[in-house]
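Have a look at the structure below, then the notes.
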Amino acid sequence: MNQKREQRKSIFKNQYALKTEELIQIRQKLQIEIRRQGREKLLTARRNYQKDLNQYNNDFKNELYSNISKVPRRNNIKQLTDLKEINQYNNISSIPQQLYELFEGLNSNYVEIQLISLTKFRKFLSRERKIQIQEIIDYCMIPMFIQFLSSKNVDLRYEAVWILSNISTGSTEQIQAIIDAGMIPIFMELLKKTTDMRFQDLILWALGNIVIDNPQFRELVLREGNLGVLCQHILDVNNQPCSMLRTMSWTLSSIYRDHITDSDWSQISLTLPILAQLINFKDDEILYHVCWALSYLCDNNHIEDVINLGVSPHLVNLMVHDNNDIQVSALHCVRNIVSGNDSQRQVIIDCGILTVLKSLLVSTKSSIRKDACFILSHITFGNIDQIEHVIHVGLISLAINLMANSDFQTQKETCYVVYNAIRRCYNRPELIICIVRQGCIRPLVNMLNYMDNDIICVVLKAIGTILQFGKTLAIENNCENQCTLLIEEMGGVERINELQNHENDEIHSLAYNIIDKYFSEEDEGYESELDQSFDFSRHSDFFNKQFNYQSNNSIDNIEVIGVQI
């Protein structure tokens, strides 16, 4: 019965087509191709601006353009370009026919025909790709487009701006050509005078393409005009998310991307208040670019400037944003901030980041867990009070659990979390005891089996610090070093012995020193003479309280400061 039903289903759906299995294979291939094209489109979308905002009737334009050859034309090539370069060609007819017709249209006495030619240039250059950027440069047409920027006709100016903006997506040499033609100061003047969001969008997009291509180009853009003041004026007029503000946020992030010199900083610093305003917008694309912009600033050693903007509460909130791209960019920015000094880390802690990290450490996404551990490792590199706060919340316990039960990249970061905490808390025995009691030794020993030299070094240093701490307590209390016993029970001694033969000199040296100092026969003989055993649980009154995680001082009772997303 089931077999007949399947046969009827197959006949009904694919009577004149392929079999079901073949259709499934075709569908899978098609989905793969769609995803591939989607990725490529995402990568090129920002630099290759394709939105068509033309408001003219195509039928009318096509009809008028077809009659261009019939319309009288004055020979004003020299007058229009005001250059002699176009005469480098002995015969202007050597220009390809398609370009020649458009070139004639640009030199028409009729605004309508000039507009049609510009529109055709723009479409052929950007969307249809029938004309390449290099062709326009080779035939010295850029000066003609530059001069259209000063036309009294707003539509001619708009099409010229669009064409030059498309050229800004080209190579460094092609961008240099439009810079040499004097485009940047004219664009800056247009940005200063116009209130048309279409112009603002295209100009900001072109400037972003220019500054992202080359640090020298960025310097030219910053030197030609006060971009911070211009953007601030635009932002004062537009207080709602729009395409132009999205482009502005991307352009600003492009400016901060490369190394910022002292000479550039005087101009770049004027744009920072704009970021503090843009981060308040409820727009995913704007927030994404602003987070990366702030992250680039931190990369350029301007962490304090970012903190002074007052954006830290927003960044902490954005770490749990529903949009994964925004979440990742915010995590990267906070990572850079907590890599600063203790006071800068404290600003982020005061914004409630420890509460946020508790949720991120149990995320189902490994990349989020890894970034959260990276942030936590920098916090545990801070002062004792900050580390005690981390332990008090229970984040060390979560990190140790991840070290034992997560992917390698996350485990790698948790090793730094534990090592930094142990190393910085050496003079606070109750804190180290708390970390050891939460079970850090077993996962540390297990991490020695990974073939990663950096991790092995960190783990050996952590184990060495724990052993030294245990030895100090043993001497003070006239007892055995309980840490050596724990490591022996978990098979750590055998693995450390093997690492004495490691090809890496640092690993070899660390392993040798541990064995020689804590597991040699002489040390065992000394400890065998001790008649009492040291019990961690009776070390101090402080440790007997075992950190009341639900106390009134718990970080769980601190609300995340800032605008809720």
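Please give the net charge around Gln500, taking every other residue with its beta carbon less than 12 angstrom from that of Gln500, where Lys and Arg add +1 and Asp and Glu add -1.
-4
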Could you give each residue of segment 219-225 its phi-based ³J(HN,Hα) in whole Hz, using Karplus coefficients 6.51, -1.76, 1.60 with θ = phi - 60°, and x for Gly or Pro? 4, 5, 4, 5, 6, 6, x
Would you give the gap between the C-alpha center of segment 248-268 and the C-alpha center of segment 99-177, rounded to a whole Å? 29
Hey, which of these cross-link pairs are over 24 Å Cα-Cα: Lys365/Lys461; Lys152/Lys193; Lys123/Lys152; Lys412/Lys517? Lys365/Lys461; Lys412/Lys517
With a 10 Å Cβ neighbour count serving as the proxy for reagent exposure, in which order, fewest first, do Cys333, Cys425 appear? Cys425, Cys333
What trypsin sites (Lys or Arg not before Pro) in segment 200-303 are in a loop by DSSP, with at most 15 other Cβ atoms within 10 Å of the Cβ? Lys282
Just in segment 118-214: which GluC sites (Glu not before Pro) are loop by DSSP and have at most 12 other Cβ atoms within 10 Å? Glu128
Enumerate the whole-percent occupancy of each 5 Å bin, from 0 to the last occupied one, for all C-alpha pair distances of segment 234-297. 3, 19, 32, 24, 13, 6, 2
Based only on other Cβ atoms within 10 Å, what is the fewest-to-most ordering of Phe469, Phe187, Phe148? Phe469, Phe148, Phe187
Starting with the fewest neighbours, write out Arg157, Arg127 ranked by other beta-carbon atoms found within 10 Å of each beta-carbon. Arg127, Arg157
Karplus-derived HN-Hα couplings along segment 327-344 (A = 6.51, B = -1.76, C = 1.60, θ = phi - 60°), whole Hz, x at Gly and Pro: 4, 5, 5, 5, 4, 4, 5, 5, 3, 5, 5, 6, 7, x, 8, 4, 5, 5
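Here, each number is a calculation from the coordinates, and none is a lab measurement. Everything quoted here is computed from the prediction, not taken from an experiment. With ideal geometry, Cβ positions are generated from the backbone for all residues, glycine too; neighbour counts draw on all protein chains shown.
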